[in-house]
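No lab work stands behind these numbers, since they all come straight from the coordinates. Note that the structure is predicted; figures quoted are calculated from it, not measured. Note: ideal-geometry Cβ built from the backbone for every residue, glycine included; neighbour counts use all protein chains shown.
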Amino acid sequence: MTALVVDDNMVNRTIHHQLLDNLGIENVAVGNGKEAVDIHCSGKAFDLILMDMDMPIMNGIEATRKLREMGIRSMIAGVSTRSMEQEIREFIEAGLDDYQEKPLTVSKLISIIRKIN
């Protein structure tokens, strides 16, 4: 299994990378939604994408929508500190398969992964 971590915050990227590593999941991290779209355009594919909502250049909502328009069928899990229902709903409607509030934990990650298998 391979995963893509999309988050502009270096601390969050490191934590999510480490959680995935601890579960034996090969992963790559990028800093914004445009980089997530670009890495897919370069031919890479992932089983799981952990997508932050608030990022510069291209946010998680735009990136998720774009990836779905490109035909990307990977499991996309939104991971955010946002708690306003309207924002979360917009994120989910963009094409998320799952949504988890930060901080991401091993148990939250395992519940996401179980939905893939």
Only Lys, Arg (+1) and Asp, Glu (-1) charged, at Cβ; the chain dipole about Cα centre in debye: 260 debye
Give the long-range amide H neighbours of ASP54: residues separated by 5 or more places, or on another chain, with amide H under 5 Å away, using H modelled in the peptide plane at 1.01 Å from N. GLY60
Determine by what factor the alpha-carbon radius of gyration of the stretch 39-85 differs from 2.2 N^0.38 Å, reporting the quotient. 1.17
I want to verify the translational diffusion coefficient of the stretch 5-117 in µm²/s; compute it with Stokes-Einstein, Rh as the Kirkwood radius over Cα pairs, at 25 °C and 0.890 mPa s. 178 µm²/s
Counting each DSSP H run of 4 or more residues in the chain as -39500 (n - 2.57), what helix-only mean residue ellipticity at 222 nm follows after dividing by all residues, to the nearest 500 deg cm²/dmol? -13000 deg cm²/dmol
Cut-off 20 Å (backbone N to label point 7 Å along Cα→Cβ of MET84), residues of the stretch 1-43: 8
Applying a 10 Å radius around every beta-carbon, put 17-25, 3-11 in order of their mean neighbour count, most first. 3-11, 17-25
Give me the percent relative contact order of the chain, please, defined on Cα pairs under 8 angstrom at least 6 residues apart. 23 percent
So what's the gap between the Cα centers of the stretch 17-57 and the stretch 74-110, to the nearest angstrom? 14 Å
How large is ³J(HN,Hα), in whole Hz, for each residue of the stretch 62-70 in order, when computed from phi with the Karplus curve 6.51 cos²θ - 1.76 cosθ + 1.60 and θ = phi - 60°, using x for Gly and Pro? 4, 5, 4, 4, 5, 4, 5, 4, 7
Overall form of the stretch 52-117 per C-alpha gyration tensor (a/c, 1.5; a/b vs b/c): oblate
